[in-house]
Structure formats: C-alpha cells, structure tokens
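Undergrad: Please read through the structure below; I'll follow up with questions.
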Amino acid sequence: MKLVVVLGRGLLVLAIGVGCGRLSPGDLPPTDESAEALHRLLYQLPTPDEGRARQRHTWLRRFYQWRDEQPAWTGVSGVHARADELLLELDNAWRHGLNPETYGRTPLRLAVTALRVGSIHDAAAAAAVDVGLTAAFLALADDLRRGAVDPTAASISWGVRRPSTDLSGLLETAISLDQVGINLRRLAPTSPEYRRLQRALVESAGKTPEDQAPSVELLCANLERWRWLPRDLGRQYLLVRIADFELDLVSNGQRQTRRVIVGEPYRQTPQFASEVTHVVVHPPWRVPSRIADEELAPGLDPERGALRLGALQQQGFEAWNHAGQRVALDSLRWVSTDGFSSKYRLEQRPGGSNPLGRIKLELENPFSIYLHDTPGAGLFTKLGRDLSHGCVRVEEIVDLVRQLLRSSTTAARQFEALLASAETGRVELPTPVPVYLLYWTVSVTPAGEIRAASDLYDVDRRLLEALRQTPGAGPWLAPMLRVHFSKQQGS
C-alpha cells in the first residue's frame, strides 16, 4: 500500500511503502526505532544552496540534535495534539497574506491522518512526517518573523536591519511547553496597523474581485512590508510614508502628520531606518555628486554658459577641490568626460535659494538622504509630491523641531537664537529620535477606511511576483523526501 501526495510547485512528496518490518495498524514505531529512522533521514538531507534555505536547514538539524534525534510530533501513542495546533496555524497563514500550501499544509494533513488511521505504520514514514512538520513550523515562523521575501530583492533600496535569530530554540521551547500555536502567533507584527490590514484582508476574502478595493494581493503585499520591520519602533519616532507623501511624528501612541516631498521615480527616496541626533540651522548645501555632474557643472564653463555661471555665483555657489582649497568658479573649465565631482565639490551658502531652507535633520545612512526645509513651500499643495532628488522636504519643519526639543529648555533656547540669526549652527536633541523612511501602498485608518496610495516606484508588481515564488517548506524538504522514499518504493 502506498500514499503519494504531491503539492503543486512545492513538490512535497510522501510515498509510503508497506512491507518488511511493518507494524500493526494504529501503532507507531517505538522510540529507538523512530530515532534510527530520523537519523537516517537527516543524514540523507542535502544542504541547500540558497542562503535562506541553508539557514533553515541548519535550524532543523540543530533542533533534532538537541533532542538526540528523537521525534517531536509523533511517538509510541500516535501523532501528538501539537501537530494539530501546527496544522491550524498553517490553515490560518492566509490571514497574514501567506499561502498555506507553501508550507505543505495539504500533504502534511493527509499524512498525519494516514498515521492516525493506520494506513501508514512504518518508522521511516513516521520520521518523514515528523521532519515535515518541523520544516513547516520553521518556514512559517521565519516568514512571520522577518517576511517571506528579502526586501533587498523585491523593493526599492533597503537599509533596515532584519533579525536572524536561530529559530530552533524557539521550536524546542514550543514543543517542551506544548505551546506551538501561541509561539508562532507571537512572531507576527502586533501593531494596530498590521491588525487593521489583516481585518481588511479577511473582509475582502469573501468578495468578488470587482468588489475588492484594493485587491487582496495588494493587502498581502503591504502585510509583508510590515513583517520586514522591527517589532518595536520606539516610544517616539518619525515615520516618512513615502508613497503617501506624509511624515508622522509618533509620540506615546499619538500621531501628528505633515506633508512631505519625496524623490522622483528616477531618483527614488530609499527605505531605511536611522536616527536624528541633532539639527543644523541655516545649513550650507553640499551638492551631491550626481547633481553637480549632471545639472550644475555644465554651467561652470563661461564659454558654454556665461549666464548660467553668473546665476550660480549670485546664488552663492562655491567650488572646492578635494584638498580643501577654494577654487574660483570662473576659473573652471568643464569637460563632460572628466567627471567634475572627481576633482571638485560644489557648496551653496545658507539662505536665498538654498534648497535646504533653514533646517536640516541629518540621518546616518549610506544613501546621503536627510530631512530638510525648503524655500518652495508652495509645492506642498500639490497632490503628487514626488519632486525631489531623493531627500525629503518636510512641511512646517521648524514646528517639528520645536516639538523634538521641548524636553530641553537649553536646547530650545539655543535653537531659537540660531534661527533668529543668520549663522549656521548645530543643536543636539535631548535624546536621539528613530527615523523610518518606508513604502506602503495600502493602509487602513483606525476608523476602518482603506487608503490606497499610488505605487510611485512600481514596486508592488515585483513584490507580488516574489511572494508567489517564496520557497516555504516544500522545496526545502522535497529533495530529501524523494531520495528517501524512492529507496522504499524500490524495496
């Protein structure tokens, strides 16, 4: 007798043979025989090439090493109830926007049932089911904890740290306490925003595609984006929602929102996490290399653009070589093939048309991105505010800084004095404030209203395609199961 289960693309195959050494129906192998079968199965498991699958492979092996290669989900009395807990969590994976079949839900359920009714009753079969359940737990736990997709491969530039904690210890704890379900559920985000997206997904599931606004797929994509983030963003933080053109100051759960201007589609504002530690008042503008080379340097050659050279001088631009020596603008000769920024840097004095305005909040990041004021406040009235070179212009940023400084009278006074002067200066914040620049295209308000933003940077399409191809548990285990059970079929 054989049970063969094939899960679509996952190819989780269980082929159970009955022959020599079979046990009586309804019984599972004794502990020593189970351990021997597990040992053989784990020995045959090939090490995956892909990094994340390799990591899960390591967790699985380590988990069984801690248990002295004793089964976790099956035993002499049958399949443990904790397997049912896990199967229920696999059923509910869709509530997180994840496909339950990615984790082998159907073949595992069929195999567990076959063990219980006695149609499967040999040690190798029980071992395969045990390993399959372990693989499913680790894959779902990993996807809930840090997302099923690597954001660096399916999103705009990414600079937020993601956890890589060994999940074998969590599984061992869940097994020893018989708390599989609760330990899995604790891994998902608990923020109100994530919960509201989940409710919207559940409500949309019963609707026809024509009645879904937005689509179920977009809700799934934005749930995934939340799983990429740290679970605790801080008591007070700044959140730039790139696609919404808005910035939130969140303090003790209270939110104040301001409009922002973000990068154009071909000069995208990246996603990253940082912190602001100080404010620069009346900042000079150190022109980024790309802007200098492509937009400003061609106007430095008087033979090519005398009017543009004069305008740059009037606007307070200065040139410096990389030895720190100032160079007269009208002494430069621009040659496109030379690469202006390889020899010089441009800087604009504070005030006037300086695009940073009166305030700059510096952020440590590899993208040279910061938050700043702007002399063009009228642009905040536009609906589509993807207008910058990548940095974020913040409406009413002076008031924002005052709120960040209100816990320090000394810092607040220093800021007001510098603001009233024409001098460049720096004011330290009383405590560093976390800053997150993130990209969502769907959100749900506390009142339950679904807000859909334009996908400025055409990211949703790539993310949805990556979600359809997530490995889950199936491809990770399929090679091992094929190798093991092909031998049984031939015996």
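The values are calculated or read from the model by the stated rules, or taken from the named source; none is laboratory data. This structure is a prediction, so every number in the text was calculated from the model and none was measured. Glycine also receives a Cβ, built like all others from the backbone with ideal geometry; neighbour counts cover every protein chain displayed.
Undergrad: If we keep just the residues of segment 372-421 that are in contact with a Gly (Cβ under 7 Å, 6 or more places away or on another chain) and over 23 Å from Phe272 (Cα atoms), which is surrounded by the fewest Cβ atoms within 10 Å (Cβ to Cβ)?
TA: Once the filter is applied, the top-ranked residue is Pro375.
Undergrad: Another question, if that's okay. Report whether or not Arg225 is in contact with a strand residue (DSSP E or B) (Cβ under 9 Å, 6 or more places away or on another chain), within 30 Å of His57 (Cβ to Cβ) and either surrounded by 20 or more Cβ atoms within 10 Å (Cβ to Cβ) or basic (Lys, Arg) (or both).
TA: The answer is yes for Arg225.
Undergrad: Right, another one. How many residues are polar (S, T, N, Q) and without any contact (Cβ under 8 Å) to a residue 12 or more places away in the chain when one looks only at segment 257-293?
TA: Total satisfying the criteria: 1.
Undergrad: Ala154 is checked against (1) under 30 Å from Ile242 (Cβ atoms); (2) out of contact with any Leu (no Cβ under 6 Å at 6 or more places or on another chain) and fails just one. What number does that condition carry?
TA: Checking Ala154 against (1) under 30 Å from Ile242 (Cβ atoms); (2) out of contact with any Leu (no Cβ under 6 Å at 6 or more places or on another chain), the one that fails is (2).
Undergrad: Right, something else. Just to verify a result, which residue in segment 158-183, among those that are touching a Lys or Arg at 6+ places or on another chain (Cβ under 6 Å) and surrounded by 13 or more Cβ atoms within 10 Å (Cβ to Cβ), is modelled with the lowest pLDDT?
TA: By that ranking, first place goes to Arg162.
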